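Written out below as structure tokens is the structure these notes cover.
The values are calculated or read from the model by the stated rules, or taken from the named source; none is laboratory data. Model, not experiment: these values are computed from the prediction. Here the Cβ positions follow ideal geometry from the backbone for every residue, glycine too, while neighbour counts run over all protein chains shown.
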Amino acid sequence: DAGVIQSPRHEVTEMGQEVTLRCKPISGHNSLFWYRQTMMRGLELLIYFNNNVPIDDSGMPEDRFSAKMPNASFSTLKIQPSEPRDSAVYFCASRLPQLNTEAFFGQGTRLTVV
Amino acid sequence: AQSVAQPEDQVNVAEGNPLTVKCTYSVSGNPYLFWYVQYPNRGLQFLLKYITGDNLVKGSYGFEAEFNKSQTSFHLKKPSALVSDSALYFCAVRPQGYNKLIFGAGTRLAVHP
């Protein structure tokens, strides 16, 4: 398996533009997580899905952020409109159903909003 | 509140010396415990986990970790550090019955020749 695949790896956009980050989890993994990593806040869980259903979105910073998982092999995190403070590395991770299993992380998307 | 503490922002070790990266947690019940490593410009990679059983668990790249229930700790160790071990290390806890991982702030390990 190729692991968790995220695209793009890097994204530079202007303030106010819409940004869409993409994630393909590992086949067979039914839990999917979106994290944000910054120097100031470290790793923050934004939202997670179980069997394509959003379970906890309490970490989503504001209404400008939205996430979808239309099927078991694809998820998106959208920021509209983007702001400079959204600049961070965004990670997607997936995991098997069993709670004692580890999550596998993608390589991340480095977002820069200018 | 449930939390994970990594008390050291950075750990400096000479190559060949043993290393320890500390982690303590505060969660209810018996959690599952994990260590991840992050190299520059990469995602987090799983190193090892404690679920149940033997308190000493062995993982990738020669790392091991010791679970201490009374001290609520899960310190990461390696008998002989390599320069290539230099990276950012994260401790994480999953409380029983929870789907979410709670991450510590991370500890930067610097191994110098």
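Structure notes:
For (1) surrounded by fewer than 17 Cβ atoms within 10 Å (Cβ to Cβ); (2) within 12 Å of chain B (Cβ to nearest Cβ); (3) farther than 20 Å from residue B:40 by Cβ, each residue gets a yes or a no:
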| site | (1), (2), (3) |
| --- | --- |
| A:10 | yes, yes, no |
| A:30 | yes, yes, yes |
| A:40 | yes, yes, no |
| A:45 | no, yes, yes |
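Results for (1) aliphatic (A, V, I, L, M); (2) surrounded by 14 or more Cβ atoms within 10 Å (Cβ to Cβ); (3) more than 14 Å from every other protein chain (Cβ to nearest Cβ), shown as yes or no for each residue.
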residue: B:28; (1), (2), (3): no, no, yes
residue: B:35; (1), (2), (3): no, yes, no
residue: B:39; (1), (2), (3): no, no, no
residue: B:46; (1), (2), (3): no, yes, no
residue: B:53; (1), (2), (3): no, no, no
residue: B:57; (1), (2), (3): yes, yes, no
residue: B:70; (1), (2), (3): no, no, yes
residue: B:77; (1), (2), (3): no, yes, yes
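- Residue satisfying all of: in region A:99-109; in a strand (DSSP E or B) and facing chain B (nearest Cβ under 8 Å); farthest from the chain's Cα centre (by Cα) among these: A:104
- Scanning region A:47-80 for residues that are closer than 26 Å to residue A:12 by Cα, surrounded by 16 or more Cβ atoms within 10 Å (Cβ to Cβ) and of a type in the set (Phe, Trp, Tyr) yields A:48, A:65.
- One residue alone among B:16, B:43 is modelled with pLDDT under 95 and over 15 Å from residue B:66 (Cα atoms), and that residue is B:43.
- Considered as a group, the residues in region B:89-113 that are crowded, with 20+ Cβ neighbours inside 10 Å and touching a helix residue (DSSP H, G or I) at 6+ places or on another chain (Cβ under 9 Å) include one that is nearest to the other protein chains (Cβ to nearest Cβ), and that residue is B:109.
- Scanning region A:55-93 for residues that are assigned to a loop (DSSP other than H, G, I, E, B), within 22 Å of residue A:104 (Cα to Cα) and touching a residue at least 40 places away in the same chain (Cβ under 8 Å) yields A:72, A:73.
- Residues of region A:1-57 satisfying the condition of being acidic (Asp, Glu) and closer than 27 Å to residue B:3 by Cα: A:44, A:56, A:57
- Taken together, the criteria exclude residue A:16 from residues that are assigned to a loop (DSSP other than H, G, I, E, B) and surrounded by 15 or more Cβ atoms within 10 Å (Cβ to Cβ).
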